[in-house]
Amino acid sequence: MDLHTFLTPPADSARRKGPYDRIVMSSRVRLARNLKDASFPGWAKKPERVRVLELIRPAVEALPEMKDAFAEAMDSLSTQDEHLLLERHLISREHAAKSTGSGLVLNRDEAFSVMINGEDHLRLPALRPGLQLRHAWAAIDHADSTLEKKLEFAFSPELGYLTACPTNIGTGIRVSAMLHLPGLVLAEQINPIIQSVNKLGLAVRGLYGEGTEALGNVFQVSNQMTLGESESAIVERLEKVLGQIIEHEENARGTLLEKKPKMVYNHIGRAYGILANAHSISSKETMNLLSLMRLGVDLSLFPGVDRALVDELFILTQPAHLQKQHSEKLTAEERDLLRADMVRERLRHVSRPIAKPLPPQAAAAGETEK
């Protein structure tokens, strides 16, 4: 099966809706599992890795959720395929680097993307748009229970599920959400928020997880430890924290519009101006500017423009997706030129942002600044 024809078109992917999706772009619950009496993938030799893959893959493909799924060994995928999956957040950076003995099973609506023989024998993630942690947990819990009837997992009565990384021992659960937080960044409140979240035992990472940059003002918030707390308690705790972050982001946007509207309009207007007129632009700059334009759409500064347009461009302008549209190998410079051409064309019918009338106190503050 061809991955390119299997993946959901970016336009359809960008239209997926969920609760609080103007701030929470996606929710993810992942379980880590390993087979009993088999070496962890990092220690296993090639024959054992292949044997484990041949044992796990049919069991995963037989799940009701995996009807008509895409299933492939990682060494059968091209580098471009791996990068496409990574840019869609369907595999991890670590799994993209795997080869013989590793595999992937992806269901039709991309809600389940099972990684086999990565850091653990099984990484079972459930993905949902918007804030849907409980739905994601229920879905992956059901799949895990079904698999446990066919596969014997490594489990300790004292420690719980055994995993390659000590921080995953116990429940093996990683609960996370991808958040768009331009208001907190512009208000210079993001660092105190990150520090507060860290003190609660949660981790804040960049767009592609641990060790990556928060491109496009997108941050991942997740639990750090999985031992000594039930799965439902972890989901509930993270959901409460996310609710507070959503409130802080909404408040930051409102306060900025009330007290510093010109600053907000300037950032969004400049972002639109560059995106609509640039003839060469990097992936990093594009994502950061699209983030500001997305904020402008959420603030109703682009009447008639759907947020799905911006979210689609978030996907299409990334390197592997841009390369996918061209048969010849593109250099970074060629990608920057083609990216700018595509964005200009897609924004051709989008008018410049329309600033709202300033409230009296903000207008007076503007006069004072002059």
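The values are calculated or read from the model by the stated rules, or taken from the named source; none is laboratory data. Everything numeric in this text was worked out from a predicted model, so none of it was measured. When we count neighbours, we look across all protein chains shown, and the Cβ atoms used for this are built from the backbone with ideal geometry, even at glycine. Remember, those area values only see protein heavy atoms, side chains included, never the ligands or the DNA or RNA. Shrake-Rupley method; radii C 1.70, N 1.55, O 1.52, S 1.80 Å.
Numerical summary
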quantity: Qualifying residue in region 22-42 (condition: touching a Pro at 6+ places or on another chain (Cβ under 9 Å) and small (Gly, Ala, Ser)); calculated: yes
quantity: Index of the failed condition, Arg22 passing every other in (1) surrounded by fewer than 20 Cβ atoms within 10 Å (Cβ to Cβ); (2) out of contact with any His (no Cβ under 9 Å at 6 or more places or on another chain); calculated: (2)
quantity: Looking only at region 313-340, and only at residues there that are assigned to a helix (DSSP H, G or I) and either open to solvent by 70 Å² or more (accessible area, probe 1.4 Å) or among the aromatic types (Phe, Trp, Tyr) (or both), the one that is nearest to Glu82 (Cα to Cα); calculated: Lys324
quantity: Matching residues, region 341-359, being within 13 Å of Asn277 (Cα to Cα), open to solvent by 30 Å² or more (accessible area, probe 1.4 Å) and among the β-branched types (Val, Ile, Thr); calculated: none
quantity: Region 118-137, residues that are open to solvent by 30 Å² or more (accessible area, probe 1.4 Å) and more than 19 Å from Arg108 (Cβ to Cβ); calculated: Glu119, Arg123, Arg134, Trp137
quantity: Matching option when the condition is within 25 Å of Leu90 (Cβ to Cβ) and open to solvent by 30 Å² or more (accessible area, probe 1.4 Å), among Gln220, Gln244; calculated: Gln220
quantity: Residues satisfying the stated conditions in region 25-60, i.e. charged (D, E, K, R) and buried (at least 17 other Cβ atoms within 10 Å of the Cβ); calculated: Arg28, Arg30, Arg33, Arg49, Arg57
quantity: Any hit, region 50-60, residues being of a type in the set (Gly, Ala, Ser) and either modelled with pLDDT of 95 or more or closer than 26 Å to Lys329 by Cα (or both); calculated: yes
quantity: Among (1) on the phi > 0 side of the Ramachandran plot; (2) part of a helix (DSSP H, G or I); (3) not aromatic (Phe, Trp, Tyr) - the single one Asp68 does not satisfy; calculated: (2)
quantity: Subset of region 141-165 that is small (Gly, Ala, Ser) and open to solvent by 20 Å² or more (accessible area, probe 1.4 Å) - its residue that is nearest to Leu127 (Cα to Cα); calculated: Ser145
quantity: Ala177 being buried (at least 17 other Cβ atoms within 10 Å of the Cβ), within 14 Å of Gln224 (Cα to Cα) and modelled with pLDDT of 95 or more; calculated: yes
quantity: Residue within region 85-92 that is open to solvent by less than 10 Å² (accessible area, probe 1.4 Å), of a type outside the set (A, V, I, L, M, F, W, C) and within 26 Å of Asn198 (Cα to Cα) present; calculated: no
quantity: Test: residue in region 118-135 that is of a type outside the set (S, T, N, Q), modelled with pLDDT under 95 and over 14 Å from Val24 (Cβ atoms); calculated: yes
quantity: Some residue of region 72-84 being touching a residue at least 40 places away in the same chain (Cβ under 8 Å) and assigned to a loop (DSSP other than H, G, I, E, B); calculated: yes
quantity: Ser222 being among the hydroxyl-bearing types (Ser, Thr, Tyr) and touching a Ser or Thr at 6+ places or on another chain (Cβ under 9 Å); calculated: yes
quantity: Thr171 being β-branched (Val, Ile, Thr), touching a residue at least 12 places away in the same chain (Cβ under 8 Å) and surrounded by fewer than 18 Cβ atoms within 10 Å (Cβ to Cβ); calculated: no
